[in-house]
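Encoded as structure tokens, the structure appears first; notes follow it.
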Amino acid sequence: DVKVTQSSRYLVKRTGEKVFLECVQDMDHENMFWYRQDPGLGLRLIYFSYDVKMKEKGDIPEGYSVSREKKERFSLILESASTNQTSMYLCASRIGTSEYNEQFFGPGTRLTVL
Amino acid sequence: SQKIEQNSEALNIQEGKTATLTCNYTNYSPAYLQWYRQDPGRGPVFLLLIRENEKEKRKERLKVTFDTTLKQSLFHITASQPADSATYLCALVNQAGTALIFGKGTTLSVSS
């Protein structure tokens with residue numbers, strides 16, 4: 001089975017801190033994604049990557065950056081955390097050979113910015 | 001831009017009944033549509049994919065339809081059980097074919 005793991009289930013940070021959220025998948029998937037999920041707004045795509053060192057902006061990239069130095073790892077970076085970035089962050093991966101394949105999600109990181 | 005809507009935020013039904021969830025989309029004709037299940041505090045889990053040339057797809061007690069004329073997908077759970085209680089998300093691939101766009105979800109509660 002595909003396994004997508006995220007570095008923390010819960011995280012509390014202070015405004016202005018630099019925050020790293022890590023995601024690792026073990027199935028050699030080419031594509032990886034970061035979403036945030038908020039009540040009433042659903043899942044929104046922040047960034048995605050279709051290969052090592054490649055990244056594309058999603059629908060809400062402002063305030064975030066990403067890094068993909070290795071195929072299995074995709075990091076989301078909050079350069080200067082703000083309270084409006086308090087959210088559930090979900091990482092996903094997908095095999096890149098066919099656009100029809102499903103996405104596999106990690107368990108999520110619930111980030112609180114105080 | 002593409003828009004995807006799940007008409008009901010919440011649906012409450014009794015055990016044994018059929019649950020029907022609706023997903024509508026606009027401004028776009030996706031090649032396929034997916035349905036996911038999400039339990040509280042967990043990431044979504046893939047359930048079914050239906051392609052634009054498929055009218056209906058089944059998996060055990062689940063059935064999905066895809067009407068490209070109405071721009072609508074229906075998701076049915078027959079003989080529903082309390083264990084089916086969860087949030088169900090529909091998702092479309094974006095126009096570039098690079099990522100999924102999700103609806104806000106419908107939270108299904110099945111009471112015994």
Worksheet item: What does the accessible area of residue B:11 come to, in Å² to the nearest 10, when a probe of 1.4 Å is used?
Response: 40
Item to complete: Heavy atoms only, probe 1.4 angstrom, no DNA, RNA or ligands counted: give me B:52, A:17 ranked by accessible area, highest first.
Response: B:52, A:17
Worksheet entry | Relative contact order computed over segment B:11-65 (Cα-Cα under 8 Å; 6+ residues apart), in percent | 22
Worksheet item: Under the definition of partner shielding as Cβ atoms of other protein chains within 10 Å of a residue Cβ, what is the mean value for peptide A:42-53?
Response: 3
Worksheet item: Mean separation of Cα pairs under 8 Å and 6+ residues apart, divided by the residue count of chain B: what relative contact order is that in percent?
Response: 36
Discussion item. Viscosity 1.002 mPa s, temperature 20 °C: what is the translational diffusion coefficient of chain A from Stokes-Einstein with a Kirkwood Rh over Cα pairs, rounded to a whole number of µm²/s?
Written reply: 153
Worksheet item: For the pair residue A:59 and residue B:70, what calculated FRET efficiency results from E = 1/(1 + (r/R0)^6), where r is the Cβ-Cβ distance and R0 = 25 Å, to the nearest 0.05?
Response: 0.50
Discussion item. From the protein chains alone at 1.4 Å, what is the descending order of accessible area for A:100, A:64, largest first?
Written reply: A:100, A:64
Worksheet item: For a label point 7 angstrom out from the Cα of residue B:56 toward its Cβ, which stretches of segment B:1-39 have the backbone nitrogen within less than 16 Å?
Response: B:18-21
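How much length would be gained if the chain were fully extended between residue A:10 and residue A:88, taking 0.36 nm per residue of separation minus their Cα-Cα distance, in nm to one decimal?
Full extension of this stretch gives 27.2 nm more.
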Worksheet item: How do B:46, A:33 rank by accessible surface area computed with a 1.4 Å probe, from largest to smallest?
Response: B:46, A:33
Fill in: In Å², nearest 10: area of residue A:59 left accessible to a 1.4 Å probe
110
Response to the item:
Heavy-atom accessible area of residue B:51, protein chains in place, probe 1.4 angstrom, given in Å² to nearest 10, is 80
Discussion item. Using a 7 Å offset from the Cα along the Cα-to-Cβ direction at both residue B:112 and residue A:112, what is the distance between the two label points in nm, to one decimal?
Written reply: 3.3
Response to the item:
Distance in nm between residue A:51 and residue A:80 label points, each 7 Å along Cα→Cβ, equals 3.5
Worksheet item: What accessible area, summed over both chains, is buried at the B-A interface (1.4 Å probe, Å², nearest 100)?
Response: 1600
Discussion item. No solvent, one uniform scatterer per C-alpha: report log10 I(q)/I(0) for segment A:47-102 via the Debye equation at q = 0.14, 0.18, 0.28 1/Å, two decimals.
Written reply: -0.43, -0.68, -1.31
Discussion item. What is the distance in Å between the Cα centroid of segment A:65-95 and that of segment B:1-50?
Written reply: 25
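Suppose every Lys and Arg Cβ carries +1 and every Asp and Glu Cβ carries -1, with no other charges. What dipole size does chain A come out with about its Cα centre, to the nearest 20 debye?
420
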Worksheet item: How fast does segment B:47-99 diffuse by Stokes-Einstein, in µm²/s, taking the Kirkwood radius from C-alpha pairs at 10 °C and 1.306 mPa s?
Response: 127
Worksheet item: Looking at chain B from every direction and averaging, what is the projected area of its Cα convex hull in nm²?
Response: 6.7
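Regarding the protein assembly as shown, what is the average projected area of its C-alpha convex hull, in nm²?
The Cα convex hull of the protein assembly as shown, projected and averaged over all directions, gives 12.2 nm².
The values are calculated or read from the model by the stated rules, or taken from the named source; none is laboratory data. Treat the numbers as computed from the prediction; the structure is a model and nothing was measured. Virtual Cβ from ideal backbone geometry, glycine too; neighbours counted across all protein chains shown. Areas reflect the complete protein model, heavy atoms only, side chains present, ligands, DNA and RNA absent. Shrake-Rupley method; radii C 1.70, N 1.55, O 1.52, S 1.80 Å.
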